Protein chains: 2
Amino acid sequence: MRATLIYGAGDVRIEDVPDPKLIEPTDAVVRVLRACICGSDLWPYGSRPATEQGDRIGHEFLGVVEETGSEVSGLTAGDVVVAPFVYADNTCEYCRAGLQTSCPHGGVWGSQGVDGGQGEAVRVPLAQGTLVKLPVGEDSALLPSLVTLADVFPTGHHCAVTAGVGPRTTVTVIGDGAVGLSAVLAAKRLGAERIILMGRHAGRTALGRDFGATDVVAERGAEGSARVRELTGGFGTHTVLECVGTPATVETAFEVVRDGGTVSRVGAPQYSEVPLGFPVFGRNITLTGGIAPVRAYIEELLPDVLDGVVQPGRVFDRTVGLDDVPDGYRAMADRQALKVLVRP
Amino acid sequence: MRATLIYGAGDVRIEDVPDPKLIEPTDAVVRVLRACICGSDLWPYGSRPATEQGDRIGHEFLGVVEETGSEVSGLTAGDVVVAPFVYADNTCEYCRAGLQTSCPHGGVWGSQGVDGGQGEAVRVPLAQGTLVKLPVGEDSALLPSLVTLADVFPTGHHCAVTAGVGPRTTVTVIGDGAVGLSAVLAAKRLGAERIILMGRHAGRTALGRDFGATDVVAERGAEGSARVRELTGGFGTHTVLECVGTPATVETAFEVVRDGGTVSRVGAPQYSEVPLGFPVFGRNITLTGGIAPVRAYIEELLPDVLDGVVQPGRVFDRTVGLDDVPDGYRAMADRQALKVLVRP
């Protein structure tokens, strides 16, 4: 079969690789119907050292079960399934607590002999715990929104949930990428009364307004923070959903959060320290969030996706075949595409 | 009257100062019955640059109202009252939200022309919002426990509350100082099922056991963290109450917290950055806490103190008169005293 490999910064290739086969009795083989390129794929795309040997890449996919191992129950060939971006047994103490990202038996796609999602098929370890069956056919028009359940929509949801967003909560979302827009959608779905989206790409913030943003702040840095303060009577918002992950956006987050409020982060940290000394301590700011345990949220979010109450698939503004995945990376890296859907 | 002033590191003096008088119509004058030396007083005692002019010091006190301004209602001469360590109007938006430490009209004792608590009397700004009347007489045996409502007990309570401690929560308390022991007491009062106290001063940890600690870990650093992990099946505890505030104790906090858990901090930060990069992000750890809005908790904690359900005053192991306050500082700095009660 063919799959995507990354060889270094800016060097993504489509190559022939061995067809996936069952190895463990807990495996399944899934033929990929839709995959995506994630904002976090752009970090290795921007900085991975060049190597002779490539790595499989891609961690968001939805597909059809082709084969299941002898210890997999509840899934049969022909089932349409979505895979969270971390596989997990879904039975251990962490999984039962809804923290599948900490499952000691789990892992991420594209590493340690596990296939990446941007290919024709994937061997899925711990298939019974990992895969969620979707009550749709292979040709469903909902596939784009359903594949967002692999990562981007539940990641936005995790950000909003850990921040404690609810009715009467004011929210600032930092970042108009696919995660930021998904966080807007999630905050709206949870009833937030006011959602200020910080982003300066007009096309994206327009979608943000459709998703529920009540205000858009295009300014960045101190100017942007001042604008959010102005919009909130000087206080800032109860919660800030930090969906970028740079030192500058984290600094902005603490500037726009209200005293006693919560900053939640889901942007993969491009920093190792956070300035949380006495000034933040004195304001009683909470920092929460982290890598989203997507598996914990899929069943909860699925009905609203199936009913069309939310349409998270609107974040896709480009669809490519497998051969054009390298173009998709370029388009996302150049900010010409918001998020790329892959149709192998 | 006489009051305590600090002139530099290790240099605390008792001096004659002008008697407090009403200045604003919202003021009251309170004669001090009991004051305390706080662990946080030891920071200036350890490092304040020497100056010609001293600063008033002390922020924990309980006393008798002597006089009230024309705009103070609900308080009359003779009332026994406790003052939180931050004064506040208790009517603004932040105060109504229970965050009196962010009151824009509030401030701290001993600065900007406001008296310190370690003296014979104090002019209390915003008296009606700040002071809480206590239904006891001047000679009540409960005064030591009641004066802890000014800071140390509600600070431990704030740590436990923001961490989300409740029944079924496992807790690690870092620090066997008065705040750490108060956090143990607060966690127990909130129903925590298991409380591991990290501290190595046997007399203090013995009081910690009386307050509700189920385990004591005397080891520090990596060894201490390993011991907590061992006690919790390798997981760590759901919550960690960080009651010291050094880089080393914050590091320990992240080592002993369970994935998905919460570190709450009330130890005044002796650091400006916290290592919260990808490893902590990947574990979904929340960092919360901050300077305790004591005023928000006094009414809630008061009944249990009056009924003797909790005896937070047991943290005092030395009582001094005003003249011996410098000795009290020395004893606390040398760790010969856990917490010093002042009886002017």
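The requirement of being assigned by TED's automatic domain parsing to the domain that holds B:GLY8, surrounded by 22 or more Cβ atoms within 10 Å (Cβ to Cβ) and not small (Gly, Ala, Ser) is satisfied by B:VAL325.
Considering only region B:89-107, I want to know if a residue exists there that is in contact (Cβ under 8 Å) with a residue 40 or more places away in the chain, surrounded by 23 or more Cβ atoms within 10 Å (Cβ to Cβ) and over 30 Å from A:THR169 (Cβ atoms). Looking through region B:89-107, none of the residues is in contact (Cβ under 8 Å) with a residue 40 or more places away in the chain, surrounded by 23 or more Cβ atoms within 10 Å (Cβ to Cβ) and over 30 Å from A:THR169 (Cβ atoms). The residue that is modelled with the lowest pLDDT, counting only those in region B:269-284 that are touching a helix residue (DSSP H, G or I) at 6+ places or on another chain (Cβ under 8 Å) and more than 7 Å from every other protein chain (Cβ to nearest Cβ), is B:GLN270. Being among the charged types (D, E, K, R) and either buried (at least 17 other Cβ atoms within 10 Å of the Cβ) or over 30 Å from A:VAL12 (Cα atoms) (or both) is a property that A:ARG330 lacks. For A:THR170, are the conditions met, namely being within 30 Å of B:ALA163 (Cβ to Cβ), crowded, with 16+ Cβ neighbours inside 10 Å and among the β-branched types (Val, Ile, Thr)? Taking the combined requirement at face value, the residue satisfies it. In the set (1) more than 9 Å from chain A (Cβ to nearest Cβ); (2) aliphatic (A, V, I, L, M); (3) surrounded by fewer than 22 Cβ atoms within 10 Å (Cβ to Cβ); (4) in contact with a helix residue (DSSP H, G or I) (Cβ under 7 Å, 6 or more places away or on another chain), the condition left unmet by B:ALA226 is number (4).
Between a first residue in region B:13-30 that is crowded, with 20+ Cβ neighbours inside 10 Å and a second residue that is of a type in the set (Phe, Trp, Tyr), which pairs have beta carbons less than 8 Å apart while being 6 or more apart in sequence or on different chains? Qualifying pairs under 8 Å: B:VAL30/B:PHE61. Does B:LEU241 meet the test of being closer than 28 Å to A:CYS159 by Cα, among the hydrophobic types (A, V, I, L, M, F, W, C) and at pLDDT 95 or above? Considered against the rule, which asks whether it is closer than 28 Å to A:CYS159 by Cα, among the hydrophobic types (A, V, I, L, M, F, W, C) and at pLDDT 95 or above, B:LEU241 comes out as yes. If the condition is being of a type outside the set (Phe, Trp, Tyr), surrounded by fewer than 22 Cβ atoms within 10 Å (Cβ to Cβ) and within 22 Å of A:TYR94 (Cβ to Cβ), then region B:235-256 contributes only B:GLU255.
Yes/no per residue for (1) under 25 Å from B:ARG2 (Cα atoms); (2) modelled with pLDDT under 95; (3) not assigned by TED's automatic domain parsing to the domain that holds B:LEU322:
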{"position": "B:VAL64", "(1), (2), (3)": "yes, no, no"}
{"position": "B:GLY78", "(1), (2), (3)": "yes, no, no"}
{"position": "B:GLY110", "(1), (2), (3)": "yes, yes, no"}
{"position": "B:VAL122", "(1), (2), (3)": "yes, no, no"}
{"position": "B:GLY129", "(1), (2), (3)": "no, no, no"}
{"position": "B:LYS133", "(1), (2), (3)": "yes, no, no"}
{"position": "B:ASP139", "(1), (2), (3)": "yes, no, no"}
{"position": "B:HIS158", "(1), (2), (3)": "no, no, yes"}
{"position": "B:ALA163", "(1), (2), (3)": "no, no, yes"}
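Considered as a group, the residues in region A:51-82 that are under 26 Å from A:LYS339 (Cβ atoms) and of a type in the set (A, V, I, L, M, F, W, C) include one that is surrounded by the fewest Cβ atoms within 10 Å (Cβ to Cβ), and that residue is A:VAL64.
The values are calculated or read from the model by the stated rules, or taken from the named source; none is laboratory data. None of the values given here were measured: they were computed from a predicted structure. Ideal geometry is used to build each Cβ from the backbone, glycine not excepted, and the neighbour counts take in all protein chains shown.
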